[in-house]
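Asks: Just dropping this structure here.
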Amino acid sequence: MTDDNTISSSPQKQTIYLDHSATTPVDPGVADVVQQTMLENWGNPSSKYQVGNAAKVVLQKAREQVAGLINAPAADLFFTSGGTEADNLAIIGTMHAARSDGRGDHFITDAIEHSAVLHAAEALEREGFRITILPVNEGGFVEADSLRNAITDDTALISIMQVNNEIGSIQPLDKLVALAKEHDVLFHTDAVQGYGKIPLDVDTLPVDLVSMSSHKIYGPKGVGALYVRDGVKIAARQFGGGQEQGLRTGTENMPGIAGFGAAAELCAQKMVSDAERINALRIQFMEWIGEEVGGDLILNGSPENRIYLNLNLRFPGVEAESLLLALDLDGIAVSTGSACSSGSTKPSHVLSAIGLSDEEAHSSLRLTLGRSSDEENLKYAASCIGKHVKRLREMAAW
Ligand SMILES: Cc1ncc(COP(=O)(O)O)c(C=O)c1O
């Protein structure tokens, strides 16, 4: 971080970063914990001497910090290499266990999930499992009736995300999980975008599996976690020395895990204040952009039940990819979809699923705010957006 709260990076000196749903800059205090773990606490937590025991203490502390944020017992938390692995382990592991126990081979998810879930579903389908992909409404929400109608006697698992990464819709998990429980079906939620930002309490929400990722909460990349409710059976996806109770074996990524723990702890302290501050900024930011572009913009998705940091804006007549490149030259980082699908020419599957045409999807920009956002950098970003939107519209009119 620099004094003016922007992020310095090479080759550009300063970036106004508006893509916090793709990743977040590591908090300096978290980076200190990562470094300290590498330099001072480098032992293997499986070793039985003092250096190993010290590492075991670090591992346990991080497990408590990460689990604590969803009010889960530390013993039900399994570290992974990130959200993608947590999703795959939850979905493929649970479905394999269900099939071998004769509990069914039907999996239900929805059309706006992250590719970590949708591609895991496709992999299951290739193995002969039955898959149902639920539609969402124009706000980006799964409707309880459509879930109710999809559940059959052989449904073993439902996976519906907590918060969508492109349009920020917060799913009505209370209703959807209750429905699953009525039918005795396991429920997984990909909480990668909501974890640490909005509350999720596994004591009050009877969800069975929760995926989390460190790099979305100002922690290091390449580390995540899966919460597995006690008693839920999952078939391991890899085999080795038996770490993480054998569910996710391999020597633990200790610097990453310690950093993830520290980042989770920070979220516990800042969750309310971050939400209040960033939500107020987001509302102002949208107003400023509206003033700069002359009002012709549309918010994709729902204004209600949307995570406080997300704006997904449509600028009719503007090719969003050109806007992204122009803003990049001004030192402003934004996205036209999820980071992993950026670079593809296909319209976002999320925007298509909420009913946007290809043209509408291609004129949509995702702006996601975070701790580095402030009035000054957002005002500047709004003026740059206005300048480029007007210019691109003029060019399109020729
Ligand atoms: C909703 C969602 N799920 C899963 C992932 C994948 O997480 P990771 O990058 O830690 O593998 C992401 C990352 O963009 C995401 O937004």
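Asks: Can you find a residue in region 65-79 that is modelled with pLDDT of 95 or more, within 15 Å of the ligand (Cβ to nearest atom) and not in a helix (DSSP H, G or I)?
Replies: yes
Asks: Let me confirm something: among GLU182, GLU138, GLU122, GLU113, which residue is more than 27 Å from THR24 (Cβ to Cβ), within 16 Å of the ligand (Cβ to nearest atom) and not assigned by TED's automatic domain parsing to the domain that holds ILE354?
Replies: The match here is GLU122.
Asks: Given the criterion within 30 Å of LEU226 (Cβ to Cβ) and either touching a residue at least 12 places away in the same chain (Cβ under 8 Å) or surrounded by fewer than 20 Cβ atoms within 10 Å (Cβ to Cβ) (or both), identify the matching residue among ALA280, ALA275.
Replies: Going through ALA280, ALA275 in turn, just one is within 30 Å of LEU226 (Cβ to Cβ) and either touching a residue at least 12 places away in the same chain (Cβ under 8 Å) or surrounded by fewer than 20 Cβ atoms within 10 Å (Cβ to Cβ) (or both): ALA275.
Asks: Looking at (1) part of a loop (DSSP other than H, G, I, E, B); (2) within 14 Å of the ligand (Cβ to nearest atom); (3) touching a Lys or Arg at 6+ places or on another chain (Cβ under 8 Å), find the lone condition where PRO45 falls short.
Replies: (2)
Asks: Within region 159-176, is even one residue buried (at least 24 other Cβ atoms within 10 Å of the Cβ), hydroxyl-bearing (Ser, Thr, Tyr), within 18 Å of ASN310 (Cα to Cα) and in contact with a helix residue (DSSP H, G or I) (Cβ under 8 Å, 6 or more places away or on another chain)?
Replies: No: zero hits.
Asks: Checking the condition modelled with pLDDT under 95 and of a type outside the set (Phe, Trp, Tyr), which residue from ARG237, ARG277, ARG282 passes?
Replies: ARG237
Asks: Now for a separate question. Which of (1) touching a Phe, Trp or Tyr at 6+ places or on another chain (Cβ under 7 Å); (2) free of Cβ contacts under 8 Å to residues at least 24 places away in the same chain does ASP328 not meet, given it meets every other one?
Replies: Checking ASP328 against (1) touching a Phe, Trp or Tyr at 6+ places or on another chain (Cβ under 7 Å); (2) free of Cβ contacts under 8 Å to residues at least 24 places away in the same chain, the one that fails is (1).
The values are calculated or read from the model by the stated rules, or taken from the named source; none is laboratory data. Just so it is clear, the structure is predicted and the values come from calculations on it, not from any experiment. Ideal geometry is used to build each Cβ from the backbone, glycine not excepted, and the neighbour counts take in all protein chains shown.
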